[in-house]
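K.L.:
Before we start, here is the structure in question, set down as structure tokens.
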Amino acid sequence: MKIRSAEKDDAEEVYNIGTDTEEFEVSDDEDIFWDEDSLEYWFDSQKDVCLVAEDNGEIVGFVLSHIHIPTGKVEIENIFVADSYRERGIASELFKQLLNDYESEDADFAVAITLQDNYKIRKFNQRMGFQKGDTVVWWEYNFN
């Protein structure tokens, strides 16, 4: 198992995983996961941290995040580990590496948004040191 920075060539595989993962759906918009072009651009960023967990050349997990430089806010957008690789500490390793990478940047705090009834990820976030914030309603405006 290897954890490394995501690269442009990983965009298609991450996209395919993301569009097949029901937990990433936060609205009725059918194109809710990031498109491949956005992922390629994102993975090329020098400030944002996007990592993949790889086993024998296959991506079995990833975490996508970005930093808002003026405020130092890191937003963890998505974390995923394939069903057959869960309960092995891979998500924890992805999070630890991500937080470690941001400690050397201008990050002040990190946030993660989860579905209210996703108790596994809520427990996971608590184990990673996150504290539960206020309950909010997701509002969205689409420009297209």
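K.L.:
Helix-derived [θ] at 222 nm for the chain: sum -39500 (n - 2.57) over DSSP H runs of at least 4, divide by residue count, nearest 500?
P.N.:
-8000 deg cm²/dmol
K.L.:
Output wanted: per-residue J couplings in Hz (rounded whole) for the stretch 105-113, from phi through Karplus 6.51 cos²θ - 1.76 cosθ + 1.60, θ = phi - 60°, x for Gly and Pro.
P.N.:
Ordered by residue, 3J(HN,Hα) equals 9, 9, 7, 10, 7, 10, 10, 9, 9 Hz.
K.L.:
Which percent of the accessible area of the stretch 30-100 is formed by carbon and sulfur heavy atoms (probe 1.4 angstrom)?
P.N.:
41
K.L.:
Measuring with a 1.4 Å probe in the full set of protein chains, what accessible area per residue, in whole Å², belongs to the stretch 80-144?
P.N.:
So the stretch 80-144 comes to 83 Å² accessible per residue, rounded to a whole number.
K.L.:
State log₁₀ I(q)/I(0) for the chain at q = 0.10, 0.16, 0.19, 0.20 Å⁻¹ as given by the Debye formula over alpha-carbon point scatterers of equal weight, solvent excluded.
P.N.:
Result of the Debye calculation: -0.33, -0.91, -1.35, -1.50.
K.L.:
Which residues make up the longest stretch of the chain that has no GluC sites (Glu not before Pro) in a DSSP loop with at most 12 other Cβ atoms within 10 Å?
P.N.:
Longest gap between qualifying sites, sites excluded: 31-86.
The values are calculated or read from the model by the stated rules, or taken from the named source; none is laboratory data. This one's a predicted model, so the numbers in the text were calculated from it and none came from an experiment. Reconstructed Cβ throughout: ideal geometry from the backbone, glycine too, with neighbour counts over all protein chains shown. To get the accessible areas, we keep the full protein, side chains included, count just its heavy atoms, and leave off ligands, DNA and RNA. Shrake-Rupley method; radii C 1.70, N 1.55, O 1.52, S 1.80 Å.
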